[in-house]
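Presented below is the structure to which this report refers.
The values are calculated or read from the model by the stated rules, or taken from the named source; none is laboratory data. Computed from a predicted model, the values in this text were never measured in an experiment. Note: ideal-geometry Cβ built from the backbone for every residue, glycine included; neighbour counts use all protein chains shown.
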Amino acid sequence: MYNDAFLTGLTALLPRLRRFAAGLARDPADADDLCQAAIERALVSRQQWQDGTRLDSWMYRIMRNIWIDTARARTRRDKTFAHEEAGLTVGTSGGQEAQVELTMVDRALQTLPDEQREAVLLVLVEGYKYAEAAAIIGCPIGTLTSRLLRGREALMVKLGEAA
Amino acid sequence: MTVSPEQLAAYADGELDEITAAHVRRAIEDDPALAQELAKLSELRSMLAARFDPILAEPVPERLHQPIKSAAKVVNLADVRSARQQLWQRPQFRLGAGAAIAASLVVAVLVGGRGGTPQGYADRQLAAALDTSLSGETAPDGTRMLLSFRDSTGAACRGYAAAANSGIACHDDHGWKLKALGAAGKQQTTQYQQAGSPDAAIMAAAQDMAAGPAFDTAAEAAARKAGWRTGK
């Protein structure tokens, strides 16, 4: 499509990046904004991408970092951060405003701590191996697997209740 | 053998070596409860796939393609204008791909004149900032000057970012004609938008319009002294 492997590769990744963003963004309406921010940062930082290494992992890491930074900023700003007992109502107000319907899966994901959520998404949705997911997050594999285990168990409980 | 939850999950994820996987497989065959746990793991995967995989088939919004297209354009311009290396060596232009974020820029928009200024020209306040502020400075009204350059007709042009909007204006006999208008310098942003994108958009548009390098400090001061006259 482009006479430029980086831009062509980035374009090919867009559907997957949108999928990852949809899982990360607390409000589904924000997913494409997160995606766009990741693309823009990637274009600015393309010198840092090493030819021959995986563009997908690199892009996922960029998006994940933006998401984490934003979450931190938001947590500082917003002291009414959802608590565990808020359960199914977490995140619904924003979703309704944006007229985006939250699925049961979305709501269950939103009750997970960020670290468990990204582990679940990278391995179970994006299909990364433990080692690859740990590299994207920048944590040891053991940390990744324990986050994944806890996240997965919490999701099964939540979705089991719903079913 | 006993199978830990970690092992069962790793088995479901295909992360176990062959020998361990074989052990787990036999344990599952012998233990219906374990088999049920495994079924739950795979059901969770299916539920997640049902929620997120359809996104792969959705059309990608144009706004996600746009920054990539703009970046490609900048790259091509770089080839075409290799003779004008100087332009690209200017620090203002070396935003490179960052300057490609031109999505929010509308080129050659006419805005209604206010306060007696002709249609399509900078109003008095903006004109004052364009007349007097040097690049990098912020005028009393908050307008920041980004850069100055000459377009193909020799007109002096300036990129600016004001509170209400950002843009490029070129000087002619009637004043500062607005050539491009972008988003506000302090626009309402959604949480994921990066600050500074409007500036980058202006830089990208300036790249397209400029006939030569952006003014350095001395050239800009000289142009100001000359009243931003059209020149070479």
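Brief remarks follow.
- A:Thr53 falls short on exactly one of the conditions (1) in contact with a Ser or Thr (Cβ under 9 Å, 6 or more places away or on another chain); (2) more than 10 Å from chain B (Cβ to nearest Cβ), and that condition is (1).
- Number of the condition not met by A:Arg19 [criteria: (1) closer than 15 Å to A:Ile66 by Cβ; (2) modelled with pLDDT of 90 or more; (3) touching a Phe, Trp or Tyr at 6+ places or on another chain (Cβ under 7 Å)]: (1)
- Residue among B:Asp123, B:Asp53, B:Asp141 that alone is closer than 17 Å to B:Gly182 by Cβ, out of contact with any strand residue (DSSP E or B) (no Cβ under 7 Å at 6 or more places or on another chain), at pLDDT 70 or above and charged (D, E, K, R): B:Asp123
- Yes/no for A:Thr70 being β-branched (Val, Ile, Thr), over 16 Å from B:Ile68 (Cα atoms) and assigned to a helix (DSSP H, G or I): yes
- The one condition in (1) surrounded by fewer than 22 Cβ atoms within 10 Å (Cβ to Cβ); (2) facing chain B (nearest Cβ under 8 Å); (3) in a helix (DSSP H, G or I) that A:Tyr2 fails to fulfil: (3)
- When B:Ala78 is tested against the conditions (1) assigned to a helix (DSSP H, G or I); (2) at pLDDT below 95; (3) buried (at least 18 other Cβ atoms within 10 Å of the Cβ); (4) within 14 Å of another protein chain (Cβ to nearest Cβ), the lone failure is (3).
- Residues in region A:15-29 that are part of a helix (DSSP H, G or I) and either more than 8 Å from chain B (Cβ to nearest Cβ) or touching a residue at least 24 places away in the same chain (Cβ under 8 Å) (or both): 9 in all.
- Looking across A:Leu121, A:Leu88, one residue alone is at pLDDT below 90 and part of a helix (DSSP H, G or I). It is A:Leu88.
- All positions within region B:38-67 that are surrounded by 14 or more Cβ atoms within 10 Å (Cβ to Cβ) and outside any helix (DSSP H, G or I): B:Val60
- Among the residues of region A:138-162, not one is in contact with a helix residue (DSSP H, G or I) (Cβ under 6 Å, 6 or more places away or on another chain), modelled with pLDDT of 95 or more and more than 21 Å from B:Leu8 (Cα to Cα).
- Of all the residues in region A:42-68, those that are without any contact (Cβ under 8 Å) to a residue 40 or more places away in the chain and crowded, with 18+ Cβ neighbours inside 10 Å number 6.
- Hits in region B:1-37 (condition: closer than 25 Å to A:Leu159 by Cα, charged (D, E, K, R) and not in a loop (DSSP other than H, G, I, E, B)): B:Glu6, B:Glu37
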